[in-house]
Amino acid sequence: FKKSAIHYKSGYLELSLSKGLEPIKVKWNMVDLGKPVFVVISWKKDSGWICSLVLEQTIKQEILSNNCLSIDPGSKRTATTFDGQEVVTYSGKYIKSLVRLRNKVNGSIQSKQSGCKKHSRRYKKLQRVRRRITYRIKNKIKDVLHKYSRMIVNYCISRKIGKIYCGDNSGTHINTNLG
């Protein structure tokens with residue numbers, strides 16, 4: 001839902017659907033945060049319905065917009081940042097170990113399920129165990145990524161960096177002395 005389809009009325013956010021249909025109502029007690037700019041409602045098999053909101057907030061601290069930070073995401077390292085003077089790498093070992101653990105759990109449970117009759121009680125019980133464990137591992141991965149992103153934002157605020165470039169940023173360090 002975009003900004004024009006979001007309305008606030010008496011403690012509820014009303015998300016407009018097409019003409020003739022009742023709007024979706026979401027309880028909204030955080031009036032001091034303002035009205036969301038963008039809303040996404042999605043379904044996830046492991047957690048059910050999820051309502052994601054995007055809010056606009058202004059930062060009271062003055063940030064110089066001419067400084068920039070480039071972020072290069074990777075597989076071995078979660079991210080590598082470069083601000084013109086300093087390179088900071090964020091390790092991806094913990095995430096890689098969690099992915100390995102998830103694959104190991106999935107493999108062991110699938111091998112146990114292969115000995116069961118499909119849709120039997122034992123099969124369904126093993127399926128629930130697998131979902132629960134993979135959900136926990138997914139939450140741990142999400143937590144680590146959130147901590148890394150928060151560290152990068154705090155780094156930008158402390159260095160008064162106004163622009164962040166993400167992706168293949170080979171052009172940002174053309175004229176730097178690498179050695």
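A few points about this structure:
- Selection of segment 91-132 for residues being under 30 Å from PRO73 (Cβ atoms) and of a type in the set (Gly, Ala, Ser) yields SER91, GLY92, SER97, GLY107.
- Count of residues meeting criterion [farther than 17 Å from ILE50 by Cα and not in a loop (DSSP other than H, G, I, E, B)] in segment 7-39: 6
- Counted residues, segment 24-49 - those being in contact with a helix residue (DSSP H, G or I) (Cβ under 6 Å, 6 or more places away or on another chain) and more than 30 Å from THR134 (Cα to Cα): 1
- Filter result (open to solvent by 60 Å² or more (accessible area, probe 1.4 Å) and out of contact with any helix residue (DSSP H, G or I) (no Cβ under 9 Å at 6 or more places or on another chain)) within segment 2-23: LYS2, LYS3, SER4, HIS7, LYS9, SER10, TYR12, SER18, LYS19, GLY20, LEU21, GLU22
- Just one of (1) out of contact with any strand residue (DSSP E or B) (no Cβ under 7 Å at 6 or more places or on another chain); (2) closer than 30 Å to LYS35 by Cβ; (3) not aromatic (Phe, Trp, Tyr) fails for SER52. It is (1).
- Single residue of PRO23, PRO36, PRO73 found to be more than 17 Å from the chain's Cα centre (by Cα), of a type outside the set (Lys, Arg) and within 30 Å of TYR155 (Cβ to Cβ): PRO36
The values are calculated or read from the model by the stated rules, or taken from the named source; none is laboratory data. Not measured: the values here are computed from a predicted model. Backbone-built Cβ (ideal geometry, glycine too); neighbour counts: all protein chains shown. Accessible surface is based on the protein model in full, side chains and every heavy atom, while ligands, DNA and RNA are left aside. Shrake-Rupley method; radii C 1.70, N 1.55, O 1.52, S 1.80 Å.
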